[in-house]
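The values are calculated or read from the model by the stated rules, or taken from the named source; none is laboratory data. The model shown is predicted, which means the values in this text are computed figures rather than measured ones. Please note: Cβ atoms are built from the backbone with ideal geometry, for glycine as well, and neighbour counts cover all protein chains shown.
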Amino acid sequence: MPGLGTLINTAAVIAGSLVGLLIHSKLPPRIIAITFQGIGLFTMFIGFFMAQRTQNPLVMILSIVLGAILGEGIDLAKYLERFSAFLKTKIHSSNERFSEGLITAFLLFCMGSMTIMGAIEEGMGQPPKLFLAKSVLDGFSSIALSTTFGVGVLCSALPLFIYQGALTLLFAGVLHNLPAAIIGEISAVGGLLLIGLGLTILEIKAVKILNMLPALVFAGIFAYFLL
């Protein structure tokens with residue numbers, strides 16, 4: 001059972017998304033458009049901030065290349081898109097950007113170092129201070145995202161709950177002694193993925209971020225042997 005921090009974080013995303021959906025119809029298109037651009041810039045800023053903290057660029061390049069090859073071979077994006085289409089059908093949504101909103105929100109909420117560190121903190125039975133702080137950030141972000149993408153952001157609360165809860169349980173049972181250096185490299189590669197997400201949001205270049213997610217696993221493996 002995921003801890004209190006994950007539950008609060010999920011509730012914050014739901015609440016923020018509902019607020020965004022309520023005010024969406026009252027905002028002119030030009031305000032929504034510039035909000036969208038602001039989200040893209042902020043995502044890239046967070047990505048650069050995280051990525052530059054790597055201690056070994058070799059870990060990053062090996063992880064992102066091999067992760068992309070594996071993810072593309074499996075085609076992870078296809079499975080999350082199917083899940084998104086399933087949710088869209090179940091709630092009878094006609095929003096054309098439903099899948100884009102769900103995937104963008106999920107990646108933005110789950111790629112940060114606060115997700116990993118918060119899962120460790122809560123998995124070790126400590127008060128979920130990081131998840132509480134993350135809840136505030138995600139709550140406000142979900143307001144901005146849902147004004148642009150719509151109800152897909154609200155539905156991202158479900159994969160967020162599953163991913164973050166599973167990560168917390170994993171750290172509680174297996175990975176509670178994971179060295180800080182390994183966590184740092186995983187977070188740095190996550191930052192690189194966020195840069196790609198920012199490029200996609202800004203419509204500069206569509207980067208297949210979902211198919212690069214195995215890079216996070218490779219980052220942990222290479223960091224273990226190379227650091």
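Structure data summary
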read-out: Any chance residue 25 is of a type in the set (S, T, N, Q) and without any contact (Cβ under 8 Å) to a residue 60 or more places away in the chain; value: yes
read-out: Residue check for residue 118: within 28 Å of residue 23 (Cα to Cα), part of a helix (DSSP H, G or I), touching a residue at least 12 places away in the same chain (Cβ under 8 Å) and not basic (Lys, Arg); value: no
read-out: Among the candidates 51, 68, 12, residue that is under 28 Å from residue 212 (Cα atoms), at pLDDT 90 or above and touching a Leu at 6+ places or on another chain (Cβ under 6 Å); value: 51
read-out: Test: residue in the stretch 157-180 that is surrounded by 20 or more Cβ atoms within 10 Å (Cβ to Cβ), within 19 Å of residue 15 (Cα to Cα) and aromatic (Phe, Trp, Tyr); value: no
read-out: Filter pass, residue 204 being under 16 Å from residue 43 (Cα atoms), out of contact with any strand residue (DSSP E or B) (no Cβ under 8 Å at 6 or more places or on another chain), of a type in the set (A, V, I, L, M, F, W, C) and assigned to a loop (DSSP other than H, G, I, E, B); value: yes
read-out: Residue 81 vs. criteria more than 20 Å from residue 143 (Cβ to Cβ), assigned to a helix (DSSP H, G or I) and touching a Pro at 6+ places or on another chain (Cβ under 6 Å); value: no
